[in-house]
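S.K.: Dumping the structure here so I can ask a few things about it.
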Amino acid sequence: MSPQLFLDILTYSAMSLTVVLSIVVVSARSPIFAALCLITSLLTAAVLFVLLKATFIAAAQVLIYAGGILVLFIYILMLLGVESSLWRRRQKIILVALFLLMFVAGLLPLSLLFGPAADIMSTSVADDFGTIRGFGSLLLQQYAFAFEIISVVLVAVIVGVVYLTRKKSR
Amino acid sequence: MNFFLVTGMVVFLIGALGILFRKDAISLFMCIEVVLNGVNITLVSFSRLWGNMHGQIMVFFVIAIAAAEAAIGFALMLQIFKHNKNIQLSDITDLRELRD
Amino acid sequence: MSTLSTWLVADATLLQQVISALLRIGVVLAALLGLALPGMVYFERKISAWIQGRLGPNRVGPFGLLQVLADGIKLIFKEDLAPKRAVKLLFLLGPAFSFLPTFMAMAVIPFGFYQAADGMAMPILIADVDIGVIYLLAVASLAVYGILIGGWASSNKYTLMGGLRSSAQAISYEIPLGLSVIGIVMLAGSAKLGDIVAAQESIWFVFPAHIGFWVFFICIFAETNRLPFDLPEGETEIIGFHIEYSSMKFATFYMVEYAHMILGSALSALLFFGGWELLPWYTWNDLAHLTGWDFYGVLWFIPSLWLVAKIALFLFVFIWVRWTLPRFRYDQLMSFGWTKLLPVSLINLAVVAVYMIWTMKG
């Protein structure tokens, strides 16, 4: 078994898993099950990132997204005790029709931009592509302003959330 | 390359349609996360294609903003839940005009 | 040993790489499940007994060594109950969600260093990824889900509250943990654990990042739900997340807690105490120059055993603290993590940065 075949099988199975899990998230009956499938689909997306050599972003996605934000999701689900909403048959048909329409509409620009010969894996990348060193040097030199702004945004969000959820004194 | 972009696009579409068709707030937020997942996949694929890391920096910021938006969304949802006792979107109608 | 090196270099054929990876995973798993975890259970009981002034298991086998085996057999034969209204699939998956991240994190822990005669040098671990410690933090943050899903799937409001409490504690103490690890990555210049140990050859990182070590150690206690941060599972006081589990599922949660402890002790030893290095200022290489023995070649197991001794020392401290300190109340626990540990870990970052500038100028 050649390495390329192994990588191809891995890539295609990660892609199809991500798509299938996203479908389950969108259409699941129980929200907790949907949340678990969302976590798994984020993990398969992290696998795709690793295959694209973006290792730091894969770790950041698992650490922050799957390990922080989704924990918050599951907290809210467990505390609020949400039931699921069932889909009616007419909604499902409209959904699938819209999906097919937009899928075909989206494929046209893609095939014009990138013909079948464009192979993403054949582009050679720098040595520190996707590493912490490369990422950090770009983030803190070229995007330093955005970095500082986003820390201000996060502080604003913390203040906002603490304010929204305070106990209202009589 | 095509298939990475197609995956990103398909995931985005699935999430977008889920946003249109879901009726309770928490599932809506999960579909928003699916949309952002699709966006992240597309950004990282393009970053790999062009060979520089600008796309990955954008993904970093998308993840940070997704965290911020999820936090505020949950705080708001908790308040709505306290008021309405459930978070069905069809019950959040206080600001709607009176219909005849 | 030279044939071994053909199996371990980066450009071996794919089949060789896959087989060598599977062998390494098998060895680590077998060592953990067969040796380290049962040994941990036995030593916990013996050392707890010694601290409490009693004897501990001494009837089953010589010195009570077979007690763990007897307990395991008893647990296997217990009836495997599930609550009637429990969500079957998630109830089964709860222990698995807890088990997988901890063992995945073991993939980047190096257990020694090997330098072949032809100059190939590598730390002995399963996967030498570039993002090392960040991978470890990412995977360890997934361990929260086992507790959450286990608590919820039992369909019991008390276990749900226990699961929420325990996971709130875990995610609160992840942040000072990550910040103290970042101090170490700053000092070492790399996130790979092999590089971090190699960067400690002039001085162990426990000395410059001393505050960071205390923050890290306290956070490891909180992450593994070990006393004094024991309240979420607090056996005699409050209902924990695992009470509806019986027999092997409960044993899995129990084993995962010990595996998590071993992981935390290994990290403390590797990140702060120089890993397998001999003394804070004296490495095995210096000793090799003195005596002429090849500590990274044929005698590679001696530094590995030294690392295992350090890990055992930390595990002893875990058990010691358990029977020495009283338990935190839950609000004390949360306020300690957010209002006291988090600013202290930021101060640690500043101290480490000042130290780095000071040593660079000199």
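Any read-out appearing in this document is the output of simple, stated calculations on the displayed coordinates, not a laboratory observation. Since we're looking at a predicted model, the values are computed, not measured. Using ideal geometry, Cβ is built from the backbone for each residue, glycine included, and neighbour counts are taken over all protein chains shown.
S.K.: What is the order of B:MET77, C:MET40, fewest Cβ neighbours within 10 Å to most?
M.R.: Values: B:MET77 19, C:MET40 22.
Ranking B:MET77, C:MET40 by Cβ neighbours within 10 Å, fewest first, gives B:MET77, C:MET40.
S.K.: Another one. I want to verify the translational diffusion coefficient of the protein assembly as shown in µm²/s; compute it with Stokes-Einstein, Rh as the Kirkwood radius over Cα pairs, at 20 °C and 1.002 mPa s. List each step's numbers first, then the result.
M.R.: Values: Rh = 26.7 Å.
Reported coefficient: 80 µm²/s.
S.K.: Next question. Quick one: compute the contact order of chain C, relative version, from alpha carbon pairs under 8 angstrom and 6+ residues apart, as a percent. Display every interim value, and only then the final one.
M.R.: On the way: 494 pairs, mean separation 75.5, N = 362.
In percent, rounded to a whole number, it is 21.
S.K.: How big is the C-alpha Rg of chain B next to the rule-of-thumb value 2.2 N^0.38 Å, as a ratio?
M.R.: Details: Rg = 17.2 Å, N = 100, 2.2 N^0.38 = 12.7 Å.
Normalised Rg, Cα atoms only: 1.36.
S.K.: Suppose every Lys and Arg Cβ carries +1 and every Asp and Glu Cβ carries -1, with no other charges. What dipole size does segment C:79-361 come out with about its Cα centre, to the nearest 20 debye? The partial results should precede the final answer.
M.R.: Working: 14 positive and 19 negative charges, 170 e Å.
Once rounded to the nearest 20, the dipole reads 820 debye.
S.K.: Could I ask something else about it? By the scheme Lys and Arg +1, Asp and Glu -1, what is the net charge of all other residues having a beta-carbon under 15 Å from that of C:VAL197? The partial results should precede the final answer.
M.R.: Details: positive: C:LYS192, C:LYS310; negative: C:ASP128, C:ASP195, C:GLU201, C:GLU277.
Within the 15 Å Cβ shell, the charges total -2.
S.K.: What is the packing order of peptides C:284-293, C:66-75, taking the mean over residues of other C-beta atoms within 10 Å and listing the highest first? Each step should come with its number before you reach the end.
M.R.: On the way: C:284-293: 12.7, C:66-75: 15.2.
Top to bottom by mean Cβ count within 10 Å: C:66-75, C:284-293.
S.K.: Here's a follow-up. Taking Cα pairs under 8 Å and at least six residues apart, what relative contact order does segment A:7-81 come out at, in percent?
M.R.: Numbers: 58 pairs, mean separation 21.4, N = 75.
In percent, rounded to a whole number, it is 29.
S.K.: Residues of A:47-57, mean number of Cβ from any other protein chain within 10 Å of their own Cβ, rounded to a whole number?
M.R.: Values: counts 0, 7, 8, 2, 3, 10, 4, 10, 5, 8, 13.
Across A:47-57, the average partner-chain Cβ count within 10 Å equals 6.
S.K.: Can you give the log10 of the normalised intensity I(q)/I(0) at q = 0.25, 0.30, 0.31 Å⁻¹, computed with Debye over equal Cα scatterers of segment A:130-170?
M.R.: Taken in order of the listed q values, log10 I(q)/I(0) reads -0.81, -0.92, -0.94.
S.K.: Can you tell me which lysines have their Cα less than 20 Å from the Cα of A:LYS92? Leave out same-chain residues fewer than eight positions away.
M.R.: Within the straight-line limit of under 20 Å, A:LYS92 reaches these lysines: B:LYS23.
S.K.: Could you line up C:LEU125, A:LEU101 from fewest to most neighbouring Cβ atoms inside 10 Å?
M.R.: Numbers: C:LEU125 20, A:LEU101 11.
In increasing order of surrounding Cβ atoms, one gets A:LEU101, C:LEU125.
S.K.: Using DSSP loop states and a limit of at most 14 other Cβ atoms within 10 Å to flag GluC sites (Glu not before Pro), what is the longest stretch of chain C containing no flagged site? All intermediate terms of the calculation are to be shown ahead of the outcome.
M.R.: Working: sites that count: C:GLU79, C:GLU235, C:GLU237.
In short, C:80-234.
S.K.: To the nearest µm²/s, what D does Stokes-Einstein give for segment C:79-361 at 10 °C and 1.306 mPa s, using the Kirkwood radius over alpha carbon pairs as Rh? Don't skip to the end; give the middle numbers.
M.R.: On the way: Rh = 20.0 Å.
Translational D for this selection: 80 µm²/s.
S.K.: Here is a follow-up. Work out which trypsin sites (Lys or Arg not before Pro) in chain B are exposed loop sites (DSSP not H, G, I, E or B, at most 12 other Cβ within 10 Å) and give the longest gap free of them.
M.R.: B:1-84
S.K.: Which of the lysines could a cross-linker bridge to A:LYS53, judged by Cα under 24 Å and excluding same-chain residues fewer than eight apart?
M.R.: Answer for A:LYS53, where 24 Å is the Cα cut-off: C:LYS192, listed by chain and number.
S.K.: Per residue of A:152-165, how many C-beta atoms from partner chains lie within 10 Å of its own C-beta, taken as a mean?
M.R.: Details: counts 0, 4, 5, 0, 2, 9, 3, 0, 5, 8, 1, 1, 7, 6.
Partner-chain Cβ atoms within 10 Å, mean over residues of A:152-165: 4.
S.K.: To the nearest 20 Debye, how big is the dipole of the protein assembly as shown about its Cα centre, given +1 on the beta carbon of each Lys and Arg and -1 on that of each Asp and Glu?
M.R.: Working: 39 positive and 35 negative charges, 457 e Å.
Taking the Cα centre of the protein assembly as shown as origin, the dipole is about 2200 debye.
S.K.: Please enumerate, by chain and number, the lysines with C-alpha under 28 Å from the C-alpha of C:LYS46, excluding those fewer than 8 residues away in the same chain.
M.R.: The qualifying lysines are C:LYS74, C:LYS78, C:LYS249, C:LYS310.
S.K.: On to the next question. Could you give the dipole magnitude of segment B:2-91 about its Cα centre, charging the beta-carbon of Lys and Arg +1 and that of Asp and Glu -1, in debye to the nearest 20? Don't jump to the answer; show the numbers that get you there.
M.R.: Values: 5 positive and 4 negative charges, 15 e Å.
Using only the charged Cβ atoms, the result is roughly 60 debye.
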